[in-house]
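**Student:** Just dropping this structure here.
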Amino acid sequence: MTMRAMKYGKLLALRRLPWLCALLSLMAMSPSARGLAQPSQDHVLSDGEIISTLRALRSEMLDLIAQVAGKDAAATRLNRRVMNFESYRQAFESYSAKIDDSYRRLSGCYEQISRVYRANPNSVLYKQMVKTYLDAKAIFDNLKSTFSALEPPEQTITEAVISNDTRLNERVSASMRSADAPPAPAQAAKEIVEADDSRFIGTFDAVEMFLLVRGDTACYVLFGWKDVVNDDNGKSIEEYHLSVVRSEAFPITPAVRAMTAEQHLENALKLKIALVEAQGETLTDIKQFFARAKSYTRTN
């Protein structure tokens, strides 16, 4: 009897080996930060409830991936270029909280599956639990990867530069007074608003300078300038104008992206400029676009 019992025990162990391997794989692929894993859920789930919970979580995470990536939900896509800083921060933190909640729930299901293995390793649904968990875990990893491609709010803030350098204003004002700046193409205003990326460089005298990127090229957009004129009493006064001027395009390279504000100024002074026709609603759209770009800039 003893020998027969030993043989039976070995046979049973061999039959369980594939599921033991699956469990070890499950443990290896579970969220790596074990210290962050939440305790088991308040109530014990049945085998079928564990599977249905994982499937529901998988569906939610797929929807969240679509939102974060902007697929079929472009309005919800996080884009710092079209959102002010506070809105971007709130949306970013909302997505982050949802991902943390998904992790917590996934960890809870993992704990439930571990309980099933310890209490009832012969469960007929154990194999399906493991497969469903690993499938959901793969979706979660995809969600984390998609979200990690977004730029954190704190990385979208740049230092503001306020300079008394008058050269840029003098060049723009001279061009405007003499009509020396040729008109930019008719679509120039639309191209500004639809730029792939934008950065506020700083204010030089009265001119606000922005770096805009479209594809592999960039240009500077200059907004506003001031002119000194004499009033009826012969007193000099400053007049401010809201004209929009665009520089010629140039290749966007890592060296350009790494330029300081002063280097951008020197670069802009070498480039040809053209007047962008912007009035009424078009000017309003551009001003709002510039305001959003400036919302990622701090002055301290």
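**Student:** Can you work out the FRET efficiency for the pair Ser96 and Ala56, with r the C-beta to C-beta distance and R0 = 22 Å, to the nearest 0.05? All intermediate terms of the calculation are to be shown ahead of the outcome.
**Tutor:** Numbers: r = 21 Å, r/R0 = 0.95.
Computed FRET efficiency for Ser96 and Ala56: 0.55.
**Student:** Post the alpha-carbon centroid distance, the range 166-192 to the range 215-287, in whole angstrom.
**Tutor:** Here the two parts' Cα centres lie 7 Å apart.
**Student:** Which distance in nm do the two modelled labels at Leu242 and Val82 give, with both placed 7 Å along the Cα-to-Cβ direction?
**Tutor:** Using points 7 Å along Cα→Cβ, the separation is 2.3 nm.
**Student:** How much net charge surrounds Asp227 when only other residues with a Cβ under 12 Å from its Cβ are counted (Lys, Arg +1; Asp, Glu -1)? Display every interim value, and only then the final one.
**Tutor:** Values: positive: Arg177, Lys226; negative: Glu170, Asp205, Glu238, Glu239.
Net of charged neighbours comes to -2.
**Student:** Under a point spin-label approximation (7 Å from Cα along Cα-to-Cβ), what is the Thr299-Gln279 distance to one decimal in nm?
**Tutor:** In this crude spin-label approximation the distance works out to 3.3 nm.
**Student:** OK, next. What is the local net charge at Val116, summed over the other residues whose Cβ is closer than 13 Å to its Cβ (Lys, Arg +1; Asp, Glu -1)? Mind dumping the intermediate values first?
**Tutor:** Values: positive: Arg115, Arg118, Lys127; negative: Asp47, Glu49, Glu111.
Residues near Val116 contribute 0 overall.
**Student:** Here is a further query. So how do Thr203, Thr260 line up by other beta-carbon neighbours within 10 Å, fewest first?
**Tutor:** In increasing order of surrounding Cβ atoms, one gets Thr260, Thr203.
**Student:** How much length, in nm to one decimal, is gained on full extension between Gln288 and Val124, taken as 0.36 nm per residue of separation minus their Cα-Cα distance?
**Tutor:** Values: separation 164, 0.36 × 164 = 59.04 nm, distance 6.08 nm.
So the chain would gain 53.0 nm between Gln288 and Val124.
**Student:** A follow-up question, please. PRE reach from Lys235 (point 7 Å along Cα→Cβ): which of the range 191-220 fall under 17 Å by backbone N?
**Tutor:** Flagged as within label range: none.
**Student:** Right, next: Fewest first, what order do Ser123, Ser173 take by the number of other Cβ atoms within 10 Å? Provide the component values of the computation, followed by the final result.
**Tutor:** Details: Ser123 16, Ser173 21.
The fewest-first ordering by Cβ neighbours comes to Ser123, Ser173.
**Student:** Here's something else I'd like to know. Treat the range 207-279 as a sphere of radius equal to its Kirkwood radius over Cα pairs and apply Stokes-Einstein at 20 °C in a medium of 1.002 mPa s; give the translational diffusion coefficient in µm²/s, rounded to a whole number.
**Tutor:** Details: Rh = 13.9 Å.
Stokes-Einstein gives a translational diffusion coefficient of 154 µm²/s.
**Student:** I need the calculated FRET efficiency for the pair Asp141 and Arg214, taking r as the beta carbon distance and R₀ as 22 Å, to the nearest 0.05.
**Tutor:** 0.10
**Student:** Taking the Cβ of each residue in His43, His264, His241 as the centre, tally the other Cβ atoms inside 10 Å and list the residues starting with the fewest. Please report the intermediate quantities before stating the final value.
**Tutor:** Numbers: His43 6, His264 20, His241 13.
Arranged by neighbour count, lowest to highest, His43, His264, His241 become His43, His241, His264.
**Student:** Let me ask you something else. Need the full-extension length gain, Glu49 to Arg177, defined as separation in residues times 0.36 nm minus the C-alpha distance. One decimal, nm.
**Tutor:** 38.5 nm
**Student:** For the range 254-261, in order, what is each residue's ³J(HN,Hα) by Karplus, 6.51 cos²θ - 1.76 cosθ + 1.60 with θ = phi - 60°, in whole Hz (x at glycine and Pro)?
**Tutor:** x, 5, 5, 4, 8, 4, 7, 4
**Student:** Given R₀ = 25 Å, what would the calculated FRET efficiency be for Ala186 paired with Glu266, taking r from the Cβ atoms and rounding to 0.05? It would help to have the intermediate numbers written out before the result.
**Tutor:** Numbers: r = 30 Å, r/R0 = 1.21.
With R0 = 25 Å, the Cβ-Cβ based efficiency is 0.25.
Read the figures in this text as sums done on the coordinates, not as results from a lab. Being a predicted model, the structure only gives us computed values, none of them experimental. Note that we place each Cβ from the backbone using ideal geometry, even for glycine, and neighbour counts take in every protein chain shown.
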